[in-house]
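A.B. asks: The following block contains the structure, expressed as structure tokens.
Derivation of every value follows stated rules applied to the coordinates shown; laboratory data play no part. Keep in mind the model is a prediction, meaning the values are calculated, not measured. For neighbour counting, all protein chains shown are included, and Cβ atoms are generated from backbone atoms with ideal geometry for every residue, glycine included.
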Amino acid sequence: MSPPPRSLIVIPARLAATRYPNKPLADIHGKPMIVHCLARALEADIGPVLVAAGDVEIADAVREAGGQAVMTDPNLPSGSDRVWAAVQEFDPEGRFDVLVNMQGDLPALDPQVLRALAAPLADPEIDIATSVSVIDNQEDRHNPNVVKAIVGFRPGARQARALAFTRATAPWGPGDHYYHFGIYAFRRAALARFVTLPKGVLEARENLEQMRALEDGMRIEAVLFDTAPLTVDAPEDLPPVLEALAGQA
């Protein structure tokens with residue numbers, strides 16, 4: 001299925017981070033991490049790319065690289081809120097009806113992931129699409145820091161409805177468990193509604209904002225990928241990213 005028209009990729013980024021302050025500006029082969037993320041998003045070729053910058057330094061780095069940035073309040077509570085704030089300023093006319101939220105710590109992301117996530121929203125019954133992969137590390141199945149998606153993929157299927165997200169080891173019984181790596185494609189109306197909703201009961205319990213959408217009755221479609229992308233959460237995560245991007249200095 002081809003990606004739906006009028007897609008906009010938004011990358012929320014801010015300098016404040018407990019584990020890795022100033023992470024968006026981390027040097028990767030002479031370029032800030034946020035600039036590599038911008039490049040991956042542009043390579044997806046599904047629409048314009050916008051950085052929702054919580055700090056002037058991020059916006060300056062993006063614009064110096066030829067990209068587009070909108071300043072957002074660094075005190076907004078989540079990346080989803082930052083995406084929506086940027087979209088309202090950049091596109092008040094509502095030209096873009098699919099909003100892809102790419103995290104700003106995925107400088108080596110395969111651009112095909114973004115294309116694959118935008119595609120399910122051609123189905124008007126789907127509100128949000130997100131990305132999962134099979135957990136291949138036994139320890140991760142039982143690690144509460146690893147978020148799992150509860151999805152029933154039929155044999156050979158690469159797309160299915162997400163029923164829940166949890167930090168527990170679930171579901172019970174033999175079979176795969178799935179990493180949830182939080183890249184989202186929102187229908188515009190779904191994101192506009194999502195940011196107005198009060199925190200959900202299960203969202204608060206699990207500390208997972210995607211549960212707010214499920215508690216509200218939104219349909220989240222999970223897209224299955226072969227591997228999870230390299231994420232930079234802390235400085236020690238940089239070496240494999242540097243290796244993966246060695247040819248793109």
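A.B. asks: Output needed for the chain: three equivalent-ellipsoid semi-axes, defined as square roots of 5 times the C-alpha gyration tensor eigenvalues, in descending order, whole Å. Spell out each step's value before the answer.
C.D. replies: Numbers: eigenvalues 139, 95, 64 Å².
Over the Cα atoms of the chain, the ellipsoid semi-axes are 26, 22, 18 Å.
A.B. asks: Return the distance in nm (one decimal) between the two label points of a simple spin-label model at Glu125 and Arg6, each offset 7 Å from Cα along Cα→Cβ.
C.D. replies: So the label points at Glu125 and Arg6 sit 2.3 nm apart.
A.B. asks: Can you divide the C-alpha Rg of the range 154-228 by 2.2 N^0.38 Å and report the result to two decimal places?
C.D. replies: 1.17
A.B. asks: Please compute the length gained on full extension between Gln68 and Glu43, using 0.36 nm multiplied by the number of residues separating them and subtracting their Cα-Cα distance.
C.D. replies: Answer, rounded to one decimal: 7.5 nm.
A.B. asks: Under a crude label model (7 Å from the Cα following the beta-carbon direction), how far is Val134 from Leu163 in nanometres?
C.D. replies: 2.0
A.B. asks: Quote to one decimal, in nm, the extra length available between Arg141 and Asp97 on full extension: 0.36 nm per residue of separation minus the C-alpha distance between them. It would help to have the intermediate numbers written out before the result.
C.D. replies: Values: separation 44, 0.36 × 44 = 15.84 nm, distance 3.56 nm.
The span from Arg141 to Asp97 would gain 12.3 nm if fully extended.
A.B. asks: If you take the beta carbon distance between Asp233 and Thr196 as r and set R0 to 35 Å, what does 1/(1 + (r/R0)^6) give as a FRET efficiency, to the nearest 0.05?
C.D. replies: Values: r = 29 Å, r/R0 = 0.83.
According to the calculation, E is roughly 0.75.
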